[in-house]
Amino acid sequence: MTVANVYLMQSDAINPLFDACRIAVASPNSSLAAQALSCLGHLTRRVSIQEPARIRSQAHHILPLLIEKLGDAKERNKTVALGAILEIYKHVSHDVEKSMKETGFGSKNPRIRQEAVKWLAQIHAAYPSFSFKSYTPFLMGMLEDSSETVRETAKEVVVDLFWYICPSRLTLRSFTTDSFMV
């Protein structure tokens, strides 16, 4: 049996690394921001394994930036940001949910709203005991959104979420398909 070498991050370096990544992600230089976002994703995973309490102290600083990056035009940046948000969710679910409700669903950017709806579906898939009841008003708002892509994504997510819990699945599927056709 082989034991892999595990290099631990120095505890006193964690906060400065998060600060540096946070500053660089907000940079107008897209190359620097993309690299910092990638670093932040890896840093989040590493710290969540090594010292989860540090994630809690950094969550309120980095979540708004990560949620903002969900609206990025580059798919890679959205994927990295979403991965970091999902990793943070494991340790501070309440903070992530609050930030998503305020910053994600309340964003003026339709891509961020669309990704917030997709995040909800991913959280529900990853955590089947997740209660999306508090998100129902947000989802209903997204069904009436001014952006067609947000409305379509919300419709798909609502159907998928209720498909999971609704005893008359066929009725819900046919109802939503017929009712929301324009």
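Numbers at a glance
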| read-out | value |
| --- | --- |
| Residue selected from the range 56-89 under the condition within 16 Å of CYS21 (Cα to Cα) and of a type in the set (Gly, Ala, Ser), by the criterion surrounded by the fewest Cβ atoms within 10 Å (Cβ to Cβ) | SER57 |
| Any hit, the range 36-55, residues being part of a loop (DSSP other than H, G, I, E, B) and surrounded by 20 or more Cβ atoms within 10 Å (Cβ to Cβ) | no |
| Residue check for LYS108: more than 23 Å from SER57 (Cα to Cα) and in a loop (DSSP other than H, G, I, E, B) | yes |
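Any read-out appearing in this document is the output of simple, stated calculations on the displayed coordinates, not a laboratory observation. Note that the structure is predicted; figures quoted are calculated from it, not measured. Don't worry about glycine lacking a Cβ; one is built from the backbone with ideal geometry, like all the others, and counts go over all protein chains shown.
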